[in-house]
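For reference, the structure discussed in these notes is given below.
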Amino acid sequence: MKRDAWVEVVLGVWLLASPAVLGYSLSRPLTLAEDFIPAVAIIATSLWILTAKVAPLRVSWLQALSGLWLIVGSFVLLFSQMPAAALNALIVGIAVLAVDLEEMWTLTRQPGTIG
């Protein structure tokens, strides 16, 4: 579980840095919000998992919702003529969702970790 949380911390930090790195940071505020809000949610929930004694399943659901937000938001960005931002959001959203689905699958098979 801790490995998955560290992967998501890295994905969240990338989301915060990607507008500047990919060069779309000043083009539209929508792209910043699209990356910033889920990044903060992913980092915060990952840190929660890292500090918790038992990984709560509810936190994984919050992270999965952030991944879905990024996937849906990538299409909004694509229609806003922001292909680099859209592709970045889509890739990170799929990665976050994949990590969370694997984590939820593991959590539901271990007694005493749901909660």
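The values are calculated or read from the model by the stated rules, or taken from the named source; none is laboratory data. These figures come from a predicted structure and were not determined experimentally. Cβ: placed from backbone, ideal geometry, glycine included. Neighbour counts: every protein chain shown.
Worth pointing out:
- Of all residues in the range 42-98 being of a type in the set (S, T, N, Q) and crowded, with 21+ Cβ neighbours inside 10 Å, the one that is farthest from residue 20 (Cα to Cα): 60
- Test: residue in the range 32-55 that is farther than 21 Å from residue 9 by Cβ, modelled with pLDDT of 85 or more and assigned to a helix (DSSP H, G or I): no
- Residue within the range 33-43 that is touching a Gly at 6+ places or on another chain (Cβ under 8 Å) and of a type in the set (Asp, Glu) present: yes
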